[in-house]
Amino acid sequence: MKVNAEIRPGEIWPDDRGVHINAHGGGVLRCGDTFYWFGEHKADTTSSAMVGVTCYSSKDLEHWTYRGVALKVSDTPGSDIERGCILERPKVIYNKKTKKYVMWFHLELKGKGYAAARYGVAVADKTEGPYTFVRSGRVNPKIWPVNLANPDTKALTEAMNRKPELQWWTPEWMEYIKQGMFTWRDFDGGQMARDQTVYVDDDGKAYHIYSSEENLTLQIAELNDDYTAHTGRYVRVAPGGQNEAPAIFKYNGTYWMITSGCTGWAPNKARMFKAKSIWGPWEQLPTPCIGPDADKTFGGQSTYVLTLDGKQGKFVFMADIWRPEHPSDARYIWLPIKFRDGVPVIEWTDEWNIVSLLSD
Ligand code: GAL
């Protein structure tokens, strides 16, 4: 183990080849003493997926070796993951029972903007891949969330039919959103899934957490035993709250979730939620960020929280500083999560040594 492993948030971060790491909207999976970082390969002039999901490995979290493209976009016309699609926020989890690595991501079909709002799944036998694309789709068609079991579908249908007279910015419209107007609108075809992460709990159960209902409402959906599909059990979180970029961790029996507002590539103020059960209720708290530019999440947007030692409270907050004009030049913010009176805080620092989080 190196004595120093310096993290410089927002700076160019060269890999073993001296090339700025290209793994945006990503997440990190630990396998023994090796960390694997998966993220979106971004091109120089477009945010569409021209390459796929990249993989890097490291033992000290500062020095990363490029391991290649873990999931390649396809050259087959009409493929769900055809080159030029939008493939965002990939996260990989390991399934102990099947011994497979399972990648989840947000997928938008080529040429359709952000209309498809699908999840995508791919699996591999080895951490770095190659990953085989399994399927893309909407979440849990024809199933109600457990915390919206008996909605007044007649009233919701009437409200939907009052378009355009019932305008989207009115309190009345928001009231119908909270009551599940879009959950109902998408009931048959399945729930929308955009910004996302996946989380494996201590008991081995895994969850897909995603921005749904036109990015107005988060949903948390349980995954099946092999982590490649939903079980049908899911909840809505913060209906109408407009949260995206979810990143989750657990400390002292409490689930914490950091999210952003919905302003596209432009940074906004992070939000934080906590719950005693993954199924909620989730309570909203102020932003965990403090220091200069904290109200803009230091110019970034959350993507993942890396758990280094969940018992001792060693976590790393990971965020992206997007550069939509030059996507491959987007930067990474990694900062330690500290706890003040039991509440997570994230403070800006230009440089820090991650080794103290790695060793006991
Ligand atoms: C952001 C989202 C990114 C990307 C972007 C597109 O809000 O977090 O993953 O989808 O919008 O504008």
When segment 321-359 is checked residue by residue, the ones that are over 14 Å from A294 (Cα atoms) and acidic (D, E) are E325, D329, D341, E351
Which members of segment 204-220 meet the condition of being assigned to a loop (DSSP other than H, G, I, E, B), of a type outside the set (A, V, I, L, M) and within 16 Å of the ligand (Cβ to nearest atom)?
E213, E214, N215
Condition first: on the phi > 0 side of the Ramachandran plot, within 16 Å of the ligand (Cβ to nearest atom), surrounded by fewer than 19 Cβ atoms within 10 Å (Cβ to Cβ) and not aromatic (F, W, Y). Can you find one or more residues in segment 81-88 that meet it?
yes
From the list Y199, Y176, which residue is closer than 30 Å to G52 by Cα and among the hydroxyl-bearing types (S, T, Y)?
Y199
Which of the following residues is assigned by TED's automatic domain parsing to the domain that holds F249, closer than 30 Å to D202 by Cα and crowded, with 16+ Cβ neighbours inside 10 Å: G32, G27?
G27
Among the numbered criteria (1) free of Cβ contacts under 8 Å to residues at least 60 places away in the same chain; (2) buried (at least 21 other Cβ atoms within 10 Å of the Cβ), which single criterion is violated by A266?
(2)
Considering only segment 35-49, state which residues are of a type outside the set (S, T, N, Q) and buried (at least 17 other Cβ atoms within 10 Å of the Cβ).
F35, Y36, W37, F38, G39, E40, H41, K42, A49
Quick one: which of V121, V146 is out of contact with any Asp or Glu (no Cβ under 9 Å at 6 or more places or on another chain) and either in the same structural domain as Y227 (by TED's automatic domain parsing) or within 25 Å of M50 (Cβ to Cβ) (or both)?
V121
Residue within segment 182-192 that is within 17 Å of P90 (Cα to Cα), within 16 Å of the ligand (Cβ to nearest atom) and buried (at least 21 other Cβ atoms within 10 Å of the Cβ) present
yes
Only one residue in V69, V123, V28, V102 is touching a residue at least 60 places away in the same chain (Cβ under 8 Å), of a type in the set (A, V, I, L, M), away from the ligand (no atom under 16 Å from the Cβ) and over 25 Å from N224 (Cα atoms), so which one is that?
V69
Please work out if E62 is touching a residue at least 40 places away in the same chain (Cβ under 8 Å), of a type outside the set (V, I, T) and in the same structural domain as L306 (by TED's automatic domain parsing).
yes
Odd one out for D195 among (1) under 28 Å from F133 (Cα atoms); (2) more than 16 Å from the ligand (Cβ to nearest atom)
(2)
Verdict on K178 being out of contact with any Cys (no Cβ under 8 Å at 6 or more places or on another chain), away from the ligand (no atom under 16 Å from the Cβ), touching a residue at least 60 places away in the same chain (Cβ under 8 Å) and among the basic types (K, R):
yes
How many of the residues making up segment 341-360 are without any contact (Cβ under 8 Å) to a residue 60 or more places away in the chain, acidic (D, E) and at negative phi?
2
For the subset of segment 126-143 comprising residues that are without any contact (Cβ under 8 Å) to a residue 60 or more places away in the chain and not in a strand (DSSP E or B), which member is surrounded by the most Cβ atoms within 10 Å (Cβ to Cβ)?
R138
Among what's in segment 105-118 and is assigned to a strand (DSSP E or B) and farther than 19 Å from M318 by Cβ, pick the residue that is farthest from the ligand (Cβ to nearest atom).
R118
In the set R138, R162, which member is over 30 Å from T34 (Cβ atoms) and at pLDDT 95 or above?
R138
Please go through segment 271-299 and pick out each residue that is without any contact (Cβ under 8 Å) to a residue 40 or more places away in the chain and within 20 Å of I321 (Cβ to Cβ).
R271, T287, D295, K296, T297
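The values are calculated or read from the model by the stated rules, or taken from the named source; none is laboratory data. Treat the numbers as computed from the prediction; the structure is a model and nothing was measured. As a convention, Cβ positions derive from the backbone with ideal geometry for all residues, glycine included, and neighbour counts pool all protein chains shown.
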